[in-house]
Amino acid sequence: MIFPSDSLPQTRVICVGGPTGAGKSAAAVFLARQLNGAVVNVDSRQMYADFPIITAQPGAEDLRRCPHHLYGFLPSGEKMGAGRYVQLAGKKIAALASTGQTAVLTGGTGLFFNALLRGIADIPGIDPLIRQKWQERWEREGSGLYACLQRQDPDYAAKIHPRDRQRITRALEVCEGTGRKFSWWHKHRTAAPEFRALFFGVGRPLNELEPVLKARIDLMLERGAVEEAEAAMRKCADRTAPGWSGIGCAELFAYITGQTDLESCKKFWQANTRAYAKRQWTWFRADKSINWFAPGEHEKMLDKAGLWLKLP
């Protein structure tokens, strides 16, 4: 299936989504190489410059195999919202199309996929006093505000991490400031850019994915994840900065600042990664436009993409 519609869009894109650790990046690199394309990031955490290891950004070998865009450019103190992402990705896709290249969009941030392909929520401005109120409440209550969001907007709460300060406070301020749930706004979107998308999903059952995720965290630690977090802290030691809210980043911050030991840090990191993969799996599986494949079924994906790109 394709979306957003069968109208006459200008540019075709290929999307590869699914839970973390399932093999999205390998599939995207394969497709980009075979289709004269480039990989465009749709993962909000892989945009942060200070965390290439912890957020599993492309390594040197993948970067040599094909062009990659929108990875590792954002300072830890800057926020990447859906509106800004749509602008950046839209320009990059258009630039690639102008040279005859196919954009292969890959990542695990479903909200960014939706914003780019289906439009963004036209949320009115929120009173700064309301925003300040929720920020101050977070300072006092921390992730306890997640329970508040679960009561006010359970649909949106189910899609995000219980310690994601940025998204939790944003949803609560929108609920109060507009009188409507954050999830309601995401169902009433502005017109999307004219991209015609073929969406692939790469996934495997959670019980099969769990040991892969544990092994990946071990490898990240071997490659210097702790040292990477220490270096990031020297640049930005603000625990509330957007860059530190990612899974792995938050747990290592607690370890480096003496709030926990390394073994406990690792256990929390594993548990939170598993929970995140489960939420991603739920999010992407609910999208009936996605064509699902097992990890490594790259040739099957290529066959379908090749036929689709030849369609009028």
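Some notes on this structure:
- Neighbours of GLU208, meaning other residues whose beta-carbon lies under 14 angstrom from its beta-carbon, give a summed charge of +4 when Lys and Arg score +1 and Asp and Glu score -1.
- Entry for Kirkwood radius over Cα pairs in Å (calculated from the structure that is shown) out of (1) 23.4; (2) 20.2; (3) 19.6: (2)
- Inter-site label distance for VAL226 and LYS300 at 7 Å from Cα along Cβ, in nm: 4.2 nm
- Rough spin-label spacing in nm, given labels placed 7 Å along Cα→Cβ, for ARG180 and ILE126: 1.5 nm
- Among the listed pairs LYS92/LYS300; LYS266/LYS288; LYS133/LYS159, those beyond 29 Å (Cα-Cα): LYS266/LYS288
- Global geometry of region 152-290, whether rounded, prolate or oblate, following the gyration tensor of its Cα atoms and the 1.5 cut on a/c: oblate
- The chain, dipole about Cα centre (Lys/Arg Cβ +1, Asp/Glu Cβ -1), debye to the nearest 20: 700 debye
- Placing a pseudo-label 7 Å from each Cα along the Cα-to-Cβ vector at LYS91 and HIS188 gives an inter-label distance of 3.1 nm.
- Cross-link partners of LYS187 among aspartates and glutamates, defined as those whose alpha carbon lies under 19 angstrom from its own and excluding same-chain residues fewer than eight positions apart: ASP122, ASP153, ASP155, GLU173, GLU176, ASP287.
- Helix runs (DSSP H) in the chain reaching 27 Å along axis by Cα, Kyte-Doolittle at least -1.0: none
- The residue among VAL174, TRP134, THR260 whose Cα reaches farthest toward the positive pole of the charge dipole of the chain, with charges on the beta-carbon of Lys, Arg, Asp and Glu, is VAL174.
- Three-way shape label, region 128-186, alpha-carbon gyration tensor, a/c 1.5: oblate
- Take every pair of alpha-carbon atoms less than 8 Å apart whose residues are at least six positions apart; their mean separation over the length of region 128-186 yields a relative contact order of 36 percent.
- Between GLU78 and TRP308, the FRET efficiency from the beta-carbon distance, with R0 = 25 Å, is close to 0.10.
- When each of the peptides 82-93, 13-24 is scored by how many other beta carbons lie within 10 Å of its residues on average, the order from highest to lowest is 13-24, 82-93.
- The packing ranking of peptides 118-125, 106-113, highest mean first, is 106-113, 118-125, where packing means the average number of other beta carbon atoms within 10 angstrom of each residue.
- PHE253 sits among other residues whose Cβ lies under 15 Å from its own Cβ, and their net charge, with Lys and Arg +1 and Asp and Glu -1, is -1.
- Our estimate of slack between ASP287 and GLU141, defined as 0.36 nm per intervening residue step minus the Cα-Cα distance, is 49.2 nm.
- At q = 0.14, 0.23 Å⁻¹, base-10 log of I(q)/I(0) for region 6-69 (Debye sum, equal scatterers on each alpha carbon): -0.45, -1.06
Throughout, read-outs are computed from the coordinates displayed, never taken from laboratory work. Note that the structure is a prediction, hence the values are computed from the model and not measured. Note that each Cβ is placed from the backbone with ideal geometry, even for glycine, and that neighbours are counted across all protein chains shown.
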